[in-house]
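One structure is given here, and the rest of the page talks about it.
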Amino acid sequence: MKNRILIISLVLCTCICSTSRAADCVPTTLALLQTSLGDVTTDASDIWSWDAGFSCAKGRKIGGGEGHLFTPVLNMNGVDGVNITFAHTHNYAANPSTDYTLWVTDDYKGSHAATTWQQLTISPYASNTNWTFVNVSIDVPVEYVGANTVFCFRYTSTAEQNGTWEIKNLHITTTCDGVTAPPVALPELGNGRLKVCAQNLQNYYFNYNTGRGDYTPEQFADKTHKIVDAMLWLDADIYAFCELEAKPIILKQLADSMNIRVEGDPYVAVENNIDENWNAQYNNNLKSGFIYRKDKVQPVGEEKAATNAYYYKKVLRIQVFEELSSHEQFTLSMNHFKAKDNSGDAANGKRVDNANDLVQGLKNSTLDPDILIMGDLNCEVGEEPLTIIEEAGFVELLLKYNTGAYSHCYGGGELIDHVYANASMEKQVTGAGLFHISTGCGSDAANNDGHRYSDHDPYMVAINLGETTVTGVQAPVNKHIKACKMLLEGHLYIVLPDGALYNVTGTKIQ
């Protein structure tokens, strides 16, 4: 990024043109009835209570009565899928399908009586002769939900027969544009305009016939589906991957799989000339590469290698990207250093070579000076290869934002995947973090069963390009905003709709 300009707070004219629209649909998942009744409400405290011994909500009324258990009010405008799951059991009911029912409304009025409800079909019911819990999953018709959605469990009994209904582990999940809510927490990244995601995909290849536990078509499709789920949950603008099959088709296959799930086919793979046939040298058949959103960024120039080393030139890759809205650029370096193995010092020596080659390759290339280094570097902070990178002026961002960050599990959690930024790039970063969708350690491990596709987690960084020295009012960047004049460093400039800056003589300065 060049020609940075300090924007001071004195503005000659303010031109803000906006249109109002409904908030975007965001896929969500809500867990209720896990440890108490604190996250739900009831209009009958003499009927509904919490059974701490069995960790469930219990409905019971001796002598007969009716009581309702309400979820919080949920905004489900724009969703294209809603699923509700829970476990329940009951005993001594006169007729479970009429005594114990579930209802939904899209316009809750504050009480059961004042609200119009739609009944949902519970299946299965329990045996009604013991206390064995059964699991229920219901796909809720989207026409039943809206801005003020509430689900209601209705208990009824009579003086002659008053049974007990127990409910636990209630989950409500929504889908937006085919994307469901993630099962584990997304990383907190601040307010960055651009999000960059990177990951080791653990031998993501299909076209090779290797004899090394190749994927069947079904296994490859399952792995791809899980990768796409994770990438769409993260909603990045640029994706950088390593441990890819060294064939041009592999990234195009992945981008096509992502585009099937969203409108407009926004995802594009960066082309390169890496095309290796399988041979006995396993490491020579893997590469790194990039996918980007064509509506947010564009690649500038060709993808480069940081080294001429036969194997490592495929996995140490560099690409400059430009943000379309601001025309600011930055350099993204995606890497895969030599893995740790039984060779000990020999493997570490290769990682040292990787670090030196990378630093020298970034220096020798004609690139934008704002640099992000990402990748599976196969070592932790404090080891010699990373010290080489740090002594070259780079700061590790994942640990900057979370001192306990980990990306891989050997015995505990280790941070061997990294994000490094040089000084000018670091000032434009708003956050960095990991999405623990694949690792088997840490507090999220129990929640990602069925979603794992790699032995590494994806990790992200968010950036606001061009805002290193911004103070006071920033020039708006919006194609719908008319050009307006601003006083910058004591001079008069014009901001065009694409955010470019021109002086009064018509010379572009940014």
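The values are calculated or read from the model by the stated rules, or taken from the named source; none is laboratory data. Quantities reported herein were computed from a predicted structural model and do not represent experimental measurements. Virtual Cβ from ideal backbone geometry, glycine too; neighbours counted across all protein chains shown.
Results, tabulated for the structure shown:
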read-out: Residue within region 175-194 that is at pLDDT 95 or above, over 21 Å from Tyr239 (Cβ atoms) and among the polar types (S, T, N, Q) present; value: no
read-out: Identity of the residue in region 212-270, more than 18 Å from Thr175 (Cβ to Cβ) and hydroxyl-bearing (Ser, Thr, Tyr), that ends up surrounded by the fewest Cβ atoms within 10 Å (Cβ to Cβ); value: Thr216
read-out: Filtered residue count, region 156-196, keeping only those that are under 23 Å from Leu102 (Cβ atoms) and of a type in the set (Asp, Glu); value: 1
read-out: Matching entry among Val228, Val262 (being part of a helix (DSSP H, G or I), in contact with a helix residue (DSSP H, G or I) (Cβ under 9 Å, 6 or more places away or on another chain) and not small (Gly, Ala, Ser)); value: Val228
read-out: In region 363-380, residue farthest from Val315 (Cα to Cα) [restricted to those that are of a type in the set (Val, Ile, Thr) and surrounded by 15 or more Cβ atoms within 10 Å (Cβ to Cβ)]; value: Ile371
read-out: Index of the failed condition, Ser137 passing every other in (1) outside any loop (DSSP other than H, G, I, E, B); (2) modelled with pLDDT of 95 or more; (3) of a type in the set (S, T, N, Q); (4) surrounded by fewer than 16 Cβ atoms within 10 Å (Cβ to Cβ); value: (2)
read-out: Residues being exposed (fewer than 13 other Cβ atoms within 10 Å of the Cβ) and of a type in the set (A, V, I, L, M) - total across region 43-62; value: 2
read-out: Residues located in region 312-348, provided they are surrounded by fewer than 20 Cβ atoms within 10 Å (Cβ to Cβ) and either outside the structural domain of Tyr410 (by TED's automatic domain parsing) or not polar (S, T, N, Q) (or both); value: Lys313, Glu322, Leu324, His327, Ala339, Lys340, Asp341, Gly344, Asp345, Ala346, Ala347
read-out: Checklist (1) polar (S, T, N, Q); (2) surrounded by fewer than 19 Cβ atoms within 10 Å (Cβ to Cβ); (3) modelled with pLDDT of 95 or more applied to Thr105, failing item; value: (2)
read-out: Breaking point among (1) buried (at least 21 other Cβ atoms within 10 Å of the Cβ); (2) under 29 Å from the mean Cα position of the chain (by Cα), for Arg351; value: (2)
read-out: Cross-chain or 6+ apart pairs with Cβ under 7 Å, region 365-394 first and charged (D, E, K, R), then crowded, with 24+ Cβ neighbours inside 10 Å and in a helix (DSSP H, G or I); value: Asp370/Met425
read-out: Some residue of region 391-413 being modelled with pLDDT under 95, assigned to a loop (DSSP other than H, G, I, E, B) and closer than 18 Å to Ile318 by Cα; value: no
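Here is a yes/no grid of residues against (1) surrounded by 13 or more Cβ atoms within 10 Å (Cβ to Cβ); (2) part of a strand (DSSP E or B):
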site	(1), (2)
Lys109	no, no
His112	yes, no
Phe153	yes, yes
Lys168	yes, yes
Ile172	yes, yes
Val184	yes, no
